[in-house]
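Q: I have a structure I would like to understand better, so I am pasting it below and will then ask my questions one at a time.
Read-outs throughout are calculated quantities, based only on the coordinates presented, and are distinct from any laboratory measurement. For clarity, every value in this text was computed on a predicted model and none was experimentally measured. In this analysis, Cβ positions are derived from the backbone assuming ideal geometry, glycine residues included, and neighbour counts consider all displayed protein chains.
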Amino acid sequence: MIRIDRQRTPAGLLPKINRVFELSAQKIRSLDTTWRPEDGAPVFTVDGVYRSRGWTEWTQGFQFGAPLLQFDATGDREFLEMGRSHTLERMAAHLTHVGVHDHGFNNVSTYGNLWRLAREGKFEADAWEIRFYALALKVTGAVQATRWTALPEGGFIYSFNGAHSLFVDTIRTLRALALAHVLGHRLLVEQDAPVNLLQRLLQHAHATATYSVYLGKGRDGYDVRGRTAHESLFNPVNGTYRGPSSQQGYSPFSTWTRGLAWAMLGFAEQLEFLDSLDADAMVRAQPDPLYDAACATCDFYIEHGAAADGVPYWDTGAPGLAAMQDWGAGAADPFNHHEPVDSSAAAIAAQGLLRLARVVTARGGDGQRYEQAGLRALATLIDEGGPYLSAAATHQGLLLHSIYHRPNGWDHVPAGSRIPRGESSMWGDYHLLEAALYVKRLAEDGTYYTFFGGRSGGGAPATQK
């Protein structure tokens, strides 16, 4: 359970956040200099050097999106040009990739960041350049929406496993549909039938809230409020729900903590997006399962998912945790001999907690619990005296102790250890930068950072600066 040991503010973390961006500059340059495109997208480090891992190229957008976040935070145009040129040269195939559910990860991190930065006036872009980014976002949203399994009450974007499979992490890919909708786009299918992308976004979000998130209502013997299933299985012929599954977690009835974190952040940022469309009749007509799911998942993370310092182990049901008595009562230990932590889950979850704090506060509730939990987790990760932030020039990763696929044994186990540790991932590094940028803008009272375009003067957090 996350322990709030003292009150934190975004401004109080600003010196450490600035140090994060100092360190990340060297890491981004190192990867850009040494990476060979023919090797595929970098995924995680082995002995401190980024390697690819053939599955899907879902991390390419993080590789080229990280320089754009670096530019956003520092104004150093070297990183703008790096991210922009690589996006133009290498990301086009991801726009029309019909075989994956990862469009939000790849294309919103690149084309989306460029579109956002140009609209915020962070760099000079003529009308045609902005239209180019907008066209890319229209395409990616429409292509993503074609991966559709119909359910009696709606439907969902199915995973790369096939039409039977709903992944919890796809909640974050809804950003692609959101941006395409904002830009006035629609999908056309057989006989020119139009598909409303906002409607598909809402239907997928509702399916995720219904099937991927447990609400403590006795759905099965492991129905603990707020826990998540990585994968939900359906009969694609008639849309019947069959049960939970997991690809990267320990079991269908335990909680893979990165999947939990994807849900926390995905629901919170979609609530922010939908609140910006409050004049839309379709949004007004919807019940609020997204809000319930966001609160439930964040509550579970605080109370059951993370250790006292805000960092979780890779799965709440990982068998080795039984040998670690009261593992949640103290700080997570990445050097134990039983189960690895997952710092990338903490980086994603921190942003989700902070965004939900603002949503709750805007709706008249008390968001301080979520805000303080998010700041606690981020503070742990960016403490240079702690185990997570990498300052070593010989290590290409920024955020240490990230886990990719424990069941498949893909993570590097160093000599003398029984578990994976000491390595980084593209998504962990990217989301640490994203969380740091988010808090930096809060601290400096900058334009509020959202994927769909900032609002001036939105810097005040739920409590104080």
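Q: Assigning unit charges at the beta carbon (Lys, Arg +1; Asp, Glu -1) and nothing else, what dipole magnitude in debye, to the nearest 20, does region 192-339 show about its Cα centre?
A: My answer is approximately 480 debye.
Q: With Cβ to Cβ distances under 9 Å as the rule, what net charge do the other residues near MET324 carry (K, R +1; D, E -1)?
A: Value of the local net charge: -3.
Q: Net charge around TRP115, counting only other residues with Cβ within less than 13 Å of its Cβ (Lys, Arg = +1; Asp, Glu = -1)?
A: Around TRP115, the surrounding residues sum to +4.
Q: Quick one: which of 209-222, 63-76, 11-24 comes out on top by average Cβ neighbours within 10 Å, and what's the full order, highest first?
A: Ranked by mean Cβ neighbours within 10 Å, highest first: 63-76, 11-24, 209-222.
Q: Using Cα-only point scatterers and the Debye equation, what is log10 of I(q)/I(0) for region 65-204 at each q in 0.08, 0.14, 0.18, 0.22 Å⁻¹, rounded to two decimals?
A: Debye output, listed in q order: -0.22, -0.64, -0.97, -1.29.
Q: Report the residues of region 339-366 in range of a label on GLU303: point 7 Å along Cα→C-beta, backbone N strictly under 11 Å from it.
A: Within reach of a label on GLU303, which here means backbone N under 11 Å from a point 7 Å along Cα→Cβ, region 339-366 contributes nothing.
Q: Take each of the peptides 151-160, 299-308, 319-328, average the number of other beta-carbon atoms within 10 Å over its residues, and list them starting from the highest.
A: On the way: 151-160: 19.1, 299-308: 23.7, 319-328: 14.5.
My ranking of the peptides, most packed first, is 299-308, 151-160, 319-328.
Q: OK, next. Run lengths n ≥ 4 of DSSP H only: what is the helix-derived mean residue ellipticity at 222 nm for the chain, with -39500 (n - 2.57) per run over all residues, to the nearest 500?
A: -13000 deg cm²/dmol
Q: Could I ask something else about it? Post the alpha-carbon centroid distance, region 4-74 to region 164-198, in whole angstrom.
A: Here the two parts' Cα centres lie 28 Å apart.
Q: Now, a different point. As I understand it, the dipole of the chain uses +1 on the Cβ of Lys and Arg and -1 on the Cβ of Asp and Glu, about the Cα centre. Which of TYR430, GLY141, GLY397 lies farthest toward its positive end?
A: Farthest along the dipole direction, towards plus: GLY141.
Q: Which order results if GLU57, GLU434 are arranged by neighbouring Cβ count within 10 Å, fewest first? Write down the numbers at each step before the final one.
A: Numbers: GLU57 19, GLU434 25.
In increasing order of surrounding Cβ atoms, one gets GLU57, GLU434.
Q: Still on this structure: Rounding to the nearest 20 debye, state how big the charge dipole of region 1-85 is about its Cα centre with +1 on each Lys and Arg Cβ and -1 on each Asp and Glu Cβ.
A: 440 debye
Q: Something else: Using R₀ = 25 Å, calculate the FRET efficiency as 1/(1 + (r/R₀)^6) where r is the Cβ-Cβ separation of ASP223 and ASP383; round to 0.05.
A: Efficiency, from the Cβ-Cβ distance: 0.10.
Q: Dipole magnitude of the chain about its Cα centre, charges +1 at Lys/Arg Cβ and -1 at Asp/Glu Cβ only, in debye to the nearest 20?
A: In total the dipole reaches around 300 debye.
Q: Going by average Cβ density within 10 Å per residue, which order do the peptides 265-274, 435-444 take, highest to lowest? Don't jump to the answer; show the numbers that get you there.
A: Numbers: 265-274: 25.3, 435-444: 23.1.
Ranked from most to least packed, the peptides come out as 265-274, 435-444.
Q: Which lysines have a Cα less than 28 Å from the Cα of LYS440, not counting those fewer than 8 places away in the same chain?
A: Straight-distance partners of LYS440: LYS16, LYS27, LYS122, LYS465.
Q: Hey, another quick one. Among (i) 62, 55, 48; (ii) 108, 68, 44; (iii) 70, 54, 35, which is the computed Cα extents along the principal axes in Å?
A: Structure-derived value, by its label: (i).
Q: In addition: Kirkwood-based Rg over Rh for region 251-306 (C-alpha set), two decimals?
A: 1.08
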